[in-house]
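Since the structure comes first, as structure tokens, the remarks are kept for the end.
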Amino acid sequence: MKKTALTLGLIVSSASFTVQADTLLGLYVGAQGWNMQTSGGFSSDGTNANFDFEDQTNTNLYAAFEHPVPLIPNIKIQRTVMDTSGETTLNSQYTFGDEVYADNTDVLADVQLTTTDFILYYELFDNDLISFDVGINAKQIEGELLVTEKDNTSTSSRESFSGPVPMVYSRLAIGIPFSGFGAFVEGSFLNIDDHTLSDYQAALTYSLMENLAVDVTFQLGYRAVELELDDLDDIYSNLEFKGVYAGLEVHF
């Protein structure tokens, strides 16, 4: 009888430790497919040409680590691809790189753009009903822009740019008890030195799997990213990316 009681005690203690460790330490890994629509344009001198961009499906990957150590922030790293291409007929003279394109010229644009977010945040509330995070985000922007004259492909200009932009970050999540459903809104924002950047998303979530080892959650949401750059590495832009996405998040 004593051996049985001891065995049960060890099993209960082990399960209790597992639950506590999962509560105190958490690793979140997620992947999303983003059906992205792009509007706006860019230039080398602030006289932006607006392009008719194609819709693209791009990816967003992220990982977050949470811990119980006071004063030390949690960390989230997120990488988003925002590649697209488009064209326009210029309604005025347009300058990009070392080339000057004449009025009424048909030009093509190819945008290769990625952002990497390095987010440090604190959890002000964290339970099954509501969680609220605040922090800072160092968004690293890396891009390569190519403009080509449509009827004369030998006339083209290519510019690369990169730079970090500090932003304010917050996230609010709510859960509906005993249903598996939830929702969250998350965003980063900056308006300084003529740069205006915002990155917002809102999603509905549903728990596909939940146990002591791993949780799997489905996400269906909408994301909007605005990049108004004023001379970031000699690039000016008024680009906006937006659209619906679907994804999965795994919590270990």
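The values are calculated or read from the model by the stated rules, or taken from the named source; none is laboratory data. Bear in mind the structure is a predicted one, so any value in this text is a computation, not a measurement. Calculation scope for accessible area: heavy atoms of the full protein, side chains included, ligands and nucleic acids excluded. Shrake-Rupley method; radii C 1.70, N 1.55, O 1.52, S 1.80 Å.
For this structure, a couple of remarks:
- Residues in the stretch 207-234 that are open to solvent by 60 Å² or more (accessible area, probe 1.4 Å) and under 20 Å from the mean Cα position of the chain (by Cα): 218, 220, 222, 228.
- Within the stretch 210-236, being of a type in the set (S, T, N, Q) and modelled with pLDDT under 95 holds for one residue alone: 211.
- Of the criteria (1) at pLDDT below 95; (2) within 25 Å of residue 110 (Cα to Cα); (3) open to solvent by 50 Å² or more (accessible area, probe 1.4 Å), which one residue 242 fails: (1)
- When residue 178 is tested against (1) open to solvent by 50 Å² or more (accessible area, probe 1.4 Å); (2) modelled with pLDDT under 95; (3) at negative phi, exactly one condition is not met: (3).
- If the condition is being within 30 Å of residue 27 (Cα to Cα) and polar (S, T, N, Q), then the stretch 57-93 contributes 57, 58, 59, 60, 74, 78, 80.
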